[in-house]
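Engineer: Shown below is the structure under consideration.
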Amino acid sequence: MKKLLLAASLLILTPQTRAVEIVVGRTHLAIPAPAGFAPVTSQMKAYSDVADRFVPPTNVQFAEFISNADASLAASGGVPESQRNFTVQTSKQMIQSLVSTADFDELKSTIKNQNAEMLKQAEAQVPGWLDKVSKGISDDYNVDANLSLTQVLPLPPHVETARSLAFSMIVKFQTNDADGKAVPFVGVVTTTFVHVQGKILFLYANAEKTGLQWSRTESQKWAEMVVAANPSAGDVAVRETSERSSGFDWGEVGKKALIGAVFGGIIGLFRLIFNKKKG
């Protein structure tokens, strides 16, 4: 996954845990695989080459997980049909920073109070980036992708803990089919901010339009696993409680998380893109 090499290293730890080690700045974090899911690896190039295109330029993606069945198919060069996956991102501007407990509380407050305004700003940026993604896919796969965002429906935060905040969105897109006819697509994304070892991660659980409750339930389980796997101790724990960063625009951080969520909602279109390529 080319984008990982720019800001983080990725290592599969053991077949038993199916966890991924990521490096955020100089902080090593363990990301357990959600139950029934496996990390996307370099052996899944046909899939990852397309998936990597949907990481917004403001963010870095550290890992992606797809179902065990999809992973086997992708490893053999096939195209997964499932619309469900999990990804881990953060804002590029946050990679080197230590985020304190007070900072994270401020981020959560900003998300809860300014989500609608941040979404408007995010939606304004998405069309330009989608045009570039569409052009890249059209050039490389000889298909008329013509991707467009038609609507985003944010839902209020539904889980909040000392280390996390989660909310869901319904995203609506359209693309062209093999005959050039516009085809609508609806997906859901649950975004969870987690604060671990002084770092902020964006955890995304993507699903089809009927998978809202699944994305919420499984995202919460996964977030709890990530927090448990990365306890703060020693100097990091002291700094989390005693330091406070200055100059962070938490609205901007939240906007980048929203953009990542919108792009993640496109996962269900992969199959259509590949079908058009084969045609």
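Engineer: Filter the range 176-215 down to the residues that are without any contact (Cβ under 8 Å) to a residue 40 or more places away in the chain and among the small types (Gly, Ala, Ser), then identify the one that is farthest from Leu165 (Cα to Cα).
Structural biologist: Going through the qualifying residues, I end up with Gly180.
Engineer: Kindly indicate whether any position in the range 226-249 is under 18 Å from Asn59 (Cβ atoms), at pLDDT below 95 and part of a helix (DSSP H, G or I).
Structural biologist: no
Engineer: Only one residue in Pro157, Pro231, Pro184 is closer than 20 Å to Gln89 by Cβ and not β-branched (Val, Ile, Thr). Which one?
Structural biologist: Pro157
Engineer: Going by the structure shown, is Ala38 assigned to a strand (DSSP E or B) and free of Cβ contacts under 8 Å to residues at least 40 places away in the same chain?
Structural biologist: yes
Engineer: When the range 186-197 is examined, which residues are found to be surrounded by fewer than 24 Cβ atoms within 10 Å (Cβ to Cβ) and small (Gly, Ala, Ser)?
Structural biologist: Matches in the range 186-197: none.
Engineer: Restricting attention to the range 183-225, report how many residues are more than 12 Å from the chain's Cα centre (by Cα), farther than 22 Å from Trp250 by Cα and not in a strand (DSSP E or B).
Structural biologist: Of the residues in the range 183-225, 15 are more than 12 Å from the chain's Cα centre (by Cα), farther than 22 Å from Trp250 by Cα and not in a strand (DSSP E or B).
Engineer: If you don't mind, there's one more thing I want to ask. Can you pull out every residue in the range 156-182 that is of a type in the set (A, V, I, L, M), in a loop (DSSP other than H, G, I, E, B) and either more than 30 Å from Tyr141 (Cα to Cα) or at pLDDT 95 or above (or both)?
Structural biologist: Selection gives Ala162 alone.
Engineer: With the requirement that a residue be touching a residue at least 12 places away in the same chain (Cβ under 8 Å) and assigned to a helix (DSSP H, G or I), what does the range 72-108 give you?
Structural biologist: Selection gives Ala74, Ala75, Lys92, Gln93, Met94, Thr101, Ala102, Asp103, Phe104, Glu106, Leu107, Lys108.
Engineer: Starting from residues that are charged (D, E, K, R) and touching a residue at least 40 places away in the same chain (Cβ under 8 Å), keep the ones in the range 225-251 and report whichever is surrounded by the fewest Cβ atoms within 10 Å (Cβ to Cβ).
Structural biologist: Within the range 225-251, the match that is surrounded by the fewest Cβ atoms within 10 Å (Cβ to Cβ) is Arg244.
Engineer: Take the conditions under 14 Å from Ile259 (Cβ atoms) and modelled with pLDDT of 80 or more and apply them to Gln121. Does it pass?
Structural biologist: yes
The values are calculated or read from the model by the stated rules, or taken from the named source; none is laboratory data. Nothing here was measured: the structure is a model prediction, and the numbers come from that model. Positions of Cβ are backbone-derived with ideal geometry, glycine not excepted, and every protein chain shown enters the neighbour counts.
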